[in-house]
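Encoded as structure tokens, the structure appears first; notes follow it.
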Amino acid sequence: MIIFLVILVIIALILQFFAARRGFKNLEVSVRLACEEAEPGENCDLAVTFENHSIFFIPYIRYVMILPGHVTSPLGKVSDYGVFAGEVHLKDSVWLKPKEKLVKHYPVSADMRGRYVFQSIIVDTGDFLGLKSTAKKIPVNQEMVVFPRKLSVDKTPEILGGFLGDRSVRRFLFEDPILTVGFHEYTGTEPMKMISWTRSAREGQLMVRRPDYTMEPSVSVVLNISGPQESKEDIALLEDTFSLARMVLEHLNQQGVQHDFRMNAVTLGSVSTWDYVTEGLGKKHLMSLLEGLGRASYDTRFSSKELVARAVMHTGEQRGIIYITPGANAAEDQEALRTVTRSGCRLIILKGTEVRSC
């Protein structure tokens, strides 16, 4: 029995010696976030991978990752210590057999729109007897962009007022189409600009062009986020405005209406600024715009007046503008809208305050 105990002690000391020397030498830890973009409340898989490249087992690995603010996990716990008090953290421990690869999965989600950065994971590996441990902070640098929440489908007709889909609105989007499908006699009710003087001279009477209102419409979407940010109600109104912008962009895409986009919000964590996105249509175009809405902060790059002036300069008189604004600063909105009125552009105004009233 004594010989057996001596052998166990010798084995333990040998393992202790090699474990103490190895530390992180043969241990590789990595973190991967399964989705770069997500809906509010949608679970995204956070995978923590441990690889033991040694022929010896690693008896003790403890790790902790503090999740970004507003990100939660059903497997996480709330910290009650230090600078991370009140934050959710993932904390666990594992051990690895020789040459083993182990993956731990954690569902994470965020209910609020925004850009969330997972910065690092702290890994602590110890010796065989638990007498010594070595901690290391390993960079993660993974991010998740959460889109604005979707507004209720029941609210869509009331908020948008059916601004797409009928012929009268097609005329708003394309008041001066270039495609003429025929002519008819002037009745006195048509605008003078619709009279074809060449055709009138040929027919000996006033003739009016009959345009094709079924041709592809296009529109400029302009999002202004300027407004007060002094209370939770102000922030909630801005979030309603982002959600309203999402509804408009999805509705335009669904209706097959080509659209460009611009906003004055400062975007986070990307080379792209979304100050202006060229005209497009389809899922790829929509996803790019939703990413911009998700990355948008509450800070503005320039005023609503300058935002509208840029849109008018690019749009001209042959296109409609959908102006989306919180609606809390009436004086600022009126100043911006006067710029549109003077340009002659056609205009639809949608306000975040209308979301609250529905």
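Since every read-out is calculated from the coordinates, none of them should be taken as a lab result. It should be emphasised that the depicted structure is a prediction, and the values quoted were computed from it without experimental measurement. Positions of Cβ are generated from backbone atoms using ideal geometry, with glycine treated the same way; all protein chains shown enter the neighbour counts.
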Quiz item: For V221, V308, V103, what's the fewest-to-most ordering of other Cβ within 10 Å of each Cβ?
Solution: V103, V221, V308
Practice problem: Report the net charge of residues surrounding F302, where surrounding means a beta-carbon distance below 9 angstrom and charges are Lys +1, Arg +1, Asp -1, Glu -1. | Solution: +1
Exercise. May I ask for the net charge around H285, where only other residues with Cβ less than 12 Å from the Cβ of H285 are counted and Lys, Arg are +1 while Asp, Glu are -1?
Key: -2
Quiz item: Stretched out fully, how many nm does the piece from S288 to E306 gain, at 0.36 nm a residue minus the Cα gap?
Solution: 4.1 nm
Self-check item: lysines whose Cα lies under 21 Å from that of K137, excluding same-chain neighbours fewer than 8 positions away
Solution: K25, K77, K91, K101, K104
Practice problem: Net charge near K101: determine it from the other residues with C-beta under 14 Å of the C-beta of K101, scoring Lys and Arg +1 and Asp and Glu -1. | Solution: +1
Self-check item: 3J(HN,Hα) from dihedral phi, segment 324-334, Karplus parametrisation 6.51/-1.76/1.60, rounded to Hz, x for glycine, proline
Solution: 10, 8, x, x, 7, 10, 4, 5, 5, 5, 5
Exercise. Could you please rank R342, R295, R115, placing first whichever residue has the fewest other Cβ atoms within 10 Å of its Cβ?
Key: R342, R115, R295
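Under the rule a/c < 1.5 gives rounded, and otherwise a/b versus b/c splits prolate from oblate, where does segment 226-358 land using the Cα gyration tensor? Could you put the intermediate results ahead of the total?
Details: a/c = 1.37, a/b = 1.07, b/c = 1.28.
Rounded.
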Exercise. Kindly work out what percent of the DSSP beta bridges joining two residues of segment 192-281 are antiparallel, to the nearest 5.
Key: 35 percent
